[in-house]
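This report concerns only the one structure given below.
The values are calculated or read from the model by the stated rules, or taken from the named source; none is laboratory data. The structure presented is a predicted model; accordingly, all values stated were derived computationally and were not measured. Note that each Cβ is placed from the backbone with ideal geometry, even for glycine, and that neighbours are counted across all protein chains shown. To get the accessible areas, we keep the full protein, side chains included, count just its heavy atoms, and leave off ligands, DNA and RNA. Shrake-Rupley method; radii C 1.70, N 1.55, O 1.52, S 1.80 Å.
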Amino acid sequence: MADPPGCCSTCATCLLCPYSCQWITAKKEKRKGLRTTKHDCSWFLFLFCIFLFTLVWLYFTIIILNDFHNFNEFIFRQRKLWLDWSLVLLIATAVLISYSSVLLVLALCLQLCGQPLKLHWVHKILLILTGLVVAAAFTGLGIKWAEEWKSASISLQATGPFLHIGAVGGMTLLAWPLASFIYRTRNTGLKVILLLVYCAAMIALYLAPLGITSPCIMEENQLPPKPALVGHRGAPMLAPENTLMSLHKAVDCDVQVFETDVMVSADGVPFLMHDEELTRTTNVQAVFPERAALNSTAFNWTDLQQLDAGSWFLERRPFPTVQSLSPGDRKEAAKQRIPSLGQALEAAKQSNISIMFDLRPENHSDYQTFVNVTLGAILQSGIPLQQVLWLPDGFREDVKQQAPGVQHVYGRKRLENEKEPVLHVNLPYQDMSSEEIRQYRQDNISVNLYVVNQPWLFSVLWCSGVSSVTTNACQVLKEMKHPIWLLPSSTYFMIWIVVDCVSFLIIIWAFVLMK
């Protein structure tokens with residue numbers, strides 16, 4: 001098996017060592033008469049599949065980062081352990097994709113140098129383990145976090161055109177080692193099969209844009225207005241969630257609505273709190289260790305006022321942005337206490353923003369009392385009722401009678417036979433397609449989708465015409481003056497044709513050159 005011009009013996013030896021785990025010179029390999037067998041080709045195919053498998057998982061990892069804070073909260077509620085698991089996931093994924101990528105590059109270079117693809121048994125075991133780990137990750141994702149499959153589908157609207165270009169480029173580069181292998185092998189049947197598979201894959205890629213759709217493929221003058229921002233528990237990347245500091249930071253980010261969660265204390269005071277337990281966002285374990293596991297509603301307002309609702313934010317650093325806080329912000333965060341709904345309403349009224357909230361827990365035996373107490377706090381605060389967005393479904397009719405000016409937001413899609421028109425809906429971003437968003441917009445129904453943190457997702461929803469988004473990253477989305485990308489259909493069509501033509505010419509050149 002002769003080395004092609006330009007491939008020196010030293011280079012071939014350096015490639016053989018990490019791939020085959022043997023320090024044997026290329027000349028010795030020739031004397032041994034070693035060649036790439038069908039068994040070796042099978043392992044190369046397996047290596048290529050593992051590389052693609054880990055590459056797809058890397059893509060999923062990047063996509064689910066938008067929702068990973070929810071996963072961190074879930075693990076804390078189950079194990080009482082706080083850790084930014086997204087960092088662990090990214091490191092593990094980077095190791096797996098780096099390992100398979102290095103092996104694949106070595107194999108391709110060995111093929112170009114005319115050396116045998118003798119994959120060492122250690123690599124074979126590690127590749128099998130890599131495949132099992134990624135398969136387990138996908139299985140766990142499907143069982144425990146199935147909605148992320150919808151997130152991946154939405155992400156293709158943002159990345160589809162660029163994934164197409166990348167896939168065409170990657171497959172085009174494979175033309176060199178493929179041509180090298182075809183010209184060297186004497187198995188005519190294998191040559192035909194490889195060429196047919198490669199040609200079928202390239203034709204499929206060349207025609208892939210026929211199935212790619214994205215709301216951001218539109219003319220500039222068709223772009224809808226930028227969605228309004230709703231602060232998810234305020235600005236939780238800049239301040240402890242559901243505190244007055246978080247509300248004020250959200251106002252600085254130009255949010256139009258402060259989204260929060262309300263519970264009612266044992267003595268009837270509505271206060272801001274998301275979790276049913278106080279352990280994640282307060283120091284209740286230090287102040288009331290014997291009562292730490294109790295429901296938040298079991299504490300009276302005097303007890304709640306003794307709790308520190310800010311230091312956890314500095315200690316656990318739920319978001320990387322905590323590290324960049326100024327000394328003044330750190331000092332203010334450490335002073336935060338659990339605010340009452342009345343205090344939040346007063347701050348919202350002073351800042352001229354709306355407030356939207358859930359009332360928890362919905363299955364509580366005194367829920368109707370909670371509704372009445374919450375309504376009393378709203379009416380007593382003097383905030384204009386049109387600034388209050390009511391989310392809870394329980395006893396909604398009573399709310400309409402007692403506070404007719406309150407705006408009602410529904411956590412569901414509209415029904416065919418609605419008794420009253422639905423004017424506002426609040427849904428997970430996975431639950432509405434671009435077509436549904438456009439239809440609601442035409443029917444003058446305000447659509448708010450949650451939780452949207454990544455610019456790519458915000459861009460897709462912006463192009464779709466969503467009215468507003470609930471976000472943890474208001475400081476990031478505030479700075480976006482335009483979607484990440486916007487292409488007229490004619491421009492995209494031209495890019496598609498040029499990429500395909502260039503790829504085709506390079507492939508022809510590769511086969512001619514290698515011959």
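Modelled label positions at Cys14 and Leu126, each set 7 Å beyond Cα in the direction of Cβ, lie 1.9 nm from each other. From most to least packed by mean Cβ count within 10 Å, the peptides 418-430, 278-290 give 278-290, 418-430. Subtracting the Cα-Cα distance of Ser42 and Leu196 from 0.36 nm times their residue separation leaves 53.7 nm of extension gain. The 3J(HN,Hα) values that the Karplus relation (6.51, -1.76, 1.60; θ = phi - 60°) gives for region 451-458 are, in residue order, 9, 10, 10, 8, x, 5, 6, 4 Hz. Gly and Pro appear as x. Proximity of backbone amide H atoms, modeled 1.01 Å from N, is registered between His408 and Trp390 at under 5 Å, excluding neighbours fewer than 5 places apart on the same chain. Each residue of region 231-244 was assigned a 3J(HN,Hα) from its phi angle through the Karplus curve 6.51 cos²θ - 1.76 cosθ + 1.60 (θ = phi - 60°); the sequence is x, 6, 6, x, 10, x, 7, 10, 7, x, 4, 6, 10, 5 Hz, with glycine and proline shown as x. Close amide H partners of Ala228, meaning residues 5 or more places away or on another chain with modelled amide H under 5 Å apart, are Ser468, Val469.
Rolling a 1.4 Å probe over the heavy atoms of the protein chains gives region 228-478 an accessible area of 41 Å² per residue. At q = 0.17, 0.26, 0.28, 0.31 Å⁻¹, what is the base-10 log of I(q)/I(0) for region 321-370 according to the Debye formula with one equal point scatterer per Cα and no solvent? Please give it to two decimals. Taken in order of the listed q values, log10 I(q)/I(0) reads -0.81, -1.00, -1.01, -1.05.
Per-residue ellipticity at 222 nm, computed for the chain from helices alone with -39500 (n - 2.57) per DSSP H run of at least four residues, works out to -17500 deg cm²/dmol.
A simple spin-label model places pseudo-atoms 7 Å from Cα toward Cβ; at Ala94 and Ala334 they are separated by 3.2 nm.
Remark: accessible surface ordering of His364, His274 (largest first) is His364, His274, probe radius 1.4 Å. Have a look at Thr61, Ile97, Leu173 and report the one farthest towards the positive end of the charge dipole of the chain, computed about the Cα centre with Cβ charges (Lys/Arg +1, Asp/Glu -1). It is Leu173.
Each 10 Å bin, from zero up to the one with the longest distance, holds this percent of the alpha carbon pairs of the chain: 3, 15, 22, 20, 15, 11, 8, 4, 1, 0. Here is the tail figure for region 228-478: Cα pairs spaced more than 35 Å apart come to 14 percent of all pairs. Relative to one another, the C-alpha centroids of region 375-425 and region 166-234 are positioned 48 Å apart. With N the number of residues in region 269-353, Rg(Cα) / (2.2 N^0.38 Å) evaluates to 1.17. Shown here: region 368-478, whose C-alpha atoms stretch 42, 37, 21 Å along the first, second and third principal axes, sorted largest to smallest. Per-atom-type breakdown for region 228-478 gives carbon and sulfur 47% of the accessible area (1.4 Å probe, protein chains only). Tell me, what is the FRET efficiency for Glu418 and Leu379 to the nearest 0.05, using R0 = 30 angstrom and their Cβ-Cβ distance as r? Rounded to the nearest 0.05, the efficiency is 0.65.
For the chain, DSSP calls about 15 percent of its internal beta bridges antiparallel.
Here the simple spin-label model places points 7 Å from the Cα toward Cβ, and for Arg316 and Glu346 these points are separated by 2.8 nm.
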